[in-house]
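S.K.: One structure, as structure tokens, below. Some questions next.
The values are calculated or read from the model by the stated rules, or taken from the named source; none is laboratory data. Note that this is a predicted model, so its numbers are computed, not measured. Cβ: placed from backbone, ideal geometry, glycine included. Neighbour counts: every protein chain shown. Just so you know, the surface numbers come from the protein's heavy atoms only, side chains and all, with ligands and any DNA or RNA stripped out. Shrake-Rupley method; radii C 1.70, N 1.55, O 1.52, S 1.80 Å.
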Amino acid sequence: MIVSNLADEFLKAEPVIKSIEEAGFEAYFVGGSVRDTILGLPIHDVDIATSAYPEEIKEIFNKTVDTGIQHGTVMVLDHGEGYEITTFRTESTYQDFRRPDHVEFVRSLEEDLKRRDFTINALAMTHEGRIIDLFDGLQDLENHIIRAVGEADERFNEDALRMMRAIRFASQLDFSIEEKTTIALKKHASLLKKIAIERIHIEFVKLLLGKNPKTGLQHFMTADLARYCPEFDNYMSELTNMAYLDSIKLSSEAAAWSLVIHVLKVSESDISHFLVAWKSSNELISNVQVAIRALNSILDKTIDRELMYETGLELLLTANEIATIFNRNIPIEILESDYEQLPIKSKKEMLVNGGQLIKEVGIQPGEKLGRILATLEHQVLMEKIPNESTQLLKLAERLASELD
Ligand code: ATP
Ligand code: MG
């Protein structure tokens, strides 16, 4: 197969591949970009694999950065772009079911493709667009099938993260998982315990954000992978319900976790503990807490302008996205226009600030100043007073004397 009309990302990298070939080595596009091109999907980053060793790559190009030299990856800088070039390698003796004990550089493309996870991810492409398909990945792409390269049993034993990758690709691409690969998922699910939670987290979010989360979640449950994820073992029946939801459509990580928290009925006070167990960032935890509060008020129809103001438009839309899955959302135009009508969207829009109150009203910095500012902000938000500095200063003066 020859791919015509190669995307710009490939064309831009062509001179890099040619330089490697001119130095007497092989180099190919590999991995997700090749798969996605054949599927007609947009591509993000192109990965290049080569028979040249890292030191040899560094001799060919003037500007390189050792981004992952111990795994054989060198970044080549060319015309303002960076290209990750990785030496063909095999990975041997996975004693702990996760990262290989060591990688061995090899000169053979076949050896490199053999250690890849699924046939659809084990395709290589020359700079002219010719596809090298040693494991019938093209046929699996055509038939929409995720199939392990070689023996699924062995491959999941070597690296248990591949099980999460299998189900996330099933969701992302809306593919089915081949039978032996499915059986191997069930057999080795418990090995997931050995995998770093951060890595499981990334795959699980990609699954939820995929095109068909239902299919990914059903494998997640039937293979019993969920049981070996943080916190999930207490929520198996709620998770099963989630795997039957038809209309999951999510657009952000915060939305993905908000759905999980909502379906599992994790209480507001337990959200932080739950997401910490999943090694989430503080930013994500705080966004989910805010979105869940908004979601609950959308669902029980108590949402008011104070909560809209505190939530902010982005997380309001996140909350509404979850409500949509249950057909209990606010029509998006109404939500957006209600938000637009708020007299201020944040503190920063207030036409007086602390500095002015100190200078012009003579209030001392401290707790009282904070209380006065908060009152002014609330009065403006509730349209009790216009956002106008003379009137705000006058009110501040009155509040200051009342509080004395
Ligand atoms: P994405 O679009 O999410 O980037 P991808 O297929 O490019 O998908 P990456 O994680 O970027 O996924 O990995 C690049 C390639 O490296 C894969 O296509 C696959 O060939 C190989 N690969 C990645 N992780 C593994 C793994 N755990 N085991 C075997 N091969 C892997
Ligand atoms: Mg990739």
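S.K.: Ranked highest first by the average count of other Cβ atoms within 10 Å around their residues, in what order do 382-390, 194-202 fall?
M.R.: 194-202, 382-390
S.K.: Springs between alpha-carbon pairs under 10 angstrom, Gaussian network model over the chain: which of VAL65, VAL46, VAL149 fluctuates most?
M.R.: VAL65
S.K.: Specify whether the C-alpha gyration tensor of the stretch 1-143 places it in the rounded, prolate or oblate class, a ≥ b ≥ c being the square roots of the eigenvalues: rounded for a/c under 1.5, otherwise prolate if a/b is larger than b/c and oblate if not.
M.R.: Because a/c hits 1.5 or more and a/b fails to exceed b/c, the stretch 1-143 counts as oblate.
S.K.: What fraction of the Cα pairs in the chain, stated in percent, has a spacing above 41 angstrom? Please report the intermediate quantities before stating the final value.
M.R.: Details: 27747 of 81406 pairs.
The answer is 34 percent, as a whole percent.
S.K.: Given labels modelled 7 Å from the Cα in the Cβ direction, how far is it in nm from THR222 to ILE344?
M.R.: In this crude spin-label approximation the distance works out to 5.6 nm.
S.K.: On a 1.4 Å probe surface of the protein chains, which of LYS345, LYS193, LYS279 comes out largest in accessible area, and what is the full order?
M.R.: LYS193, LYS279, LYS345
S.K.: Would you calculate, for the chain, the mean residue ellipticity at 222 nm contributed by helices, counting each DSSP H stretch of 4 or more residues as -39,500 (n - 2.57) and dividing by all residues, to the nearest 500?
M.R.: -14500 deg cm²/dmol
S.K.: Once both labels are modelled 7 Å past Cα along the beta-carbon direction, what's the LEU138-THR67 spacing in nm?
M.R.: Once both label points are built, they end up 2.9 nm from each other.
S.K.: Against the longest alpha carbon principal axis of the chain, how many degrees, from 0 to 90 and to the nearest 10, is the axis of helix 313-325 turned?
M.R.: Long axis of 313-325 versus the principal axis of the chain: about 70 degrees.
S.K.: Computed FRET efficiency, Cβ-Cβ of LYS359 and LYS384, R0 30 Å: what is it to the nearest 0.05? Write down the numbers at each step before the final one.
M.R.: On the way: r = 25 Å, r/R0 = 0.82.
FRET efficiency, LYS359 to LYS384: 0.75.
S.K.: Treating cross-link reach as a plain straight distance, find the lysines whose alpha-carbon is under 20 Å from the alpha-carbon of LYS301, omitting any fewer than eight places away in the same chain.
M.R.: List returned: LYS265.
S.K.: Additional query: In a GNM of the chain with a 10 Å cut-off on Cα contacts, which of THR182, THR67, THR126 has the highest mean-square fluctuation?
M.R.: THR67
S.K.: Mark the label point 7 Å from the Cα of HIS44 along Cα→Cβ and return the residues of the stretch 51-93 whose backbone N is within less than 12 Å of it.
M.R.: none
S.K.: Can you give the relative contact order of the chain as a percent, counting alpha carbon pairs under 8 Å and 6+ residues apart?
M.R.: Averaging sequence separation for qualifying contacts and normalising by length gives 9 percent for the chain.
S.K.: May I pose another question? Normalised by the residues of the stretch 155-276, what does the relative contact order come to in percent, with Cα pairs under 8 Å and at least six apart?
M.R.: About 26 percent, as a whole number.
S.K.: Once you've got the Cα coordinates, tell me which of LYS368/LYS394; LYS347/LYS384; LYS193/LYS279; LYS359/LYS384; LYS206/LYS279 are over 18 Å apart.
M.R.: Checking Cα-Cα distances, LYS359/LYS384 exceed 18 Å.
S.K.: Then there's this: Quick one: grab the alpha carbon gyration tensor of the stretch 216-315, order the square roots of its eigenvalues as a ≥ b ≥ c, and give me rounded if a/c is under 1.5, else prolate or oblate depending on whether a/b is larger than b/c. Display every interim value, and only then the final one.
M.R.: Values: a/c = 2.14, a/b = 1.65, b/c = 1.30.
Prolate.
S.K.: Please report the carbon-and-sulfur percent of the accessible area for the stretch 317-401; probe 1.4 Å, protein heavy atoms only, DNA, RNA and ligands left out.
M.R.: In the stretch 317-401, the share of accessible area belonging to carbon and sulfur is 52 percent.
S.K.: Share of antiparallel DSSP beta bridges in the chain, in percent to the nearest 5?
M.R.: Of those bridges, close to 80 percent are antiparallel.
S.K.: Would you look at the GNM of the chain, springs on alpha carbons closer than 10 Å, and say which of VAL30, VAL263, VAL361 moves the most?
M.R.: In this elastic network of the chain, the residue with the biggest mean-square fluctuation among VAL30, VAL263, VAL361 is VAL361.
S.K.: Listed highest first by mean packing, meaning other Cβ atoms within 10 Å per residue, what order do 306-313, 223-230, 114-121, 346-353 come in? Present the calculation step by step, with values, prior to reporting the outcome.
M.R.: Values: 306-313: 16.9, 223-230: 19.0, 114-121: 22.5, 346-353: 14.0.
Going by the mean number of other Cβ atoms within 10 Å, highest first, we get 114-121, 223-230, 306-313, 346-353.
S.K.: When a/c is below 1.5 the answer is rounded, else prolate if a/b is larger than b/c, else oblate, so apply that to the stretch 144-247 with a ≥ b ≥ c taken from the square roots of the Cα gyration tensor eigenvalues.
M.R.: Verdict is oblate for the stretch 144-247.
S.K.: Measuring from centroid to centroid over Cα atoms, what is the spacing of the stretch 54-88 and the stretch 325-343 in Å?
M.R.: Comparing the Cα centres of the stretch 54-88 and the stretch 325-343, I get a distance of 49 Å.
S.K.: Right, something else. Label points 7 Å out from Cα along the Cβ direction at LEU299 and LYS193: separation in nm?
M.R.: Here the modelled spin labels are 3.3 nm apart.
S.K.: While we're on this one: I'd like the trypsin sites (Lys or Arg not before Pro) in the stretch 1-71 restricted to DSSP loop residues with at most 13 other Cβ atoms within 10 Å, sorted by number.
M.R.: LYS63
S.K.: Which of the lysines could a cross-linker bridge to LYS18, judged by Cα under 30 Å and excluding same-chain residues fewer than eight apart?
M.R.: Filter leaves LYS58, LYS63, LYS114.
S.K.: On to the next question. What part of the accessible area of the stretch 78-193, given as a whole %, is carbon or sulfur when the probe is 1.4 angstrom?
M.R.: Its accessible area is 43 percent carbon and sulfur atoms.
S.K.: List the lysines whose alpha-carbon lies under 17 Å from that of LYS186, not counting same-chain residues fewer than 8 positions away?
M.R.: List returned: LYS194.
S.K.: Kirkwood Rh, Cα Rg: Rg to Rh for the stretch 348-403?
M.R.: Ratio value, two decimals: 0.91.
S.K.: Let me ask something else. How much area per residue is accessible in the chain when the probe is 1.4 Å and only protein heavy atoms are counted (Å²)?
M.R.: 49 Å²
S.K.: Would you mind working out the magnitude of the charge dipole of the chain relative to its Cα centre, with +1 at each Lys and Arg C-beta and -1 at each Asp and Glu C-beta, to the nearest 20 Debye?
M.R.: 1040 debye
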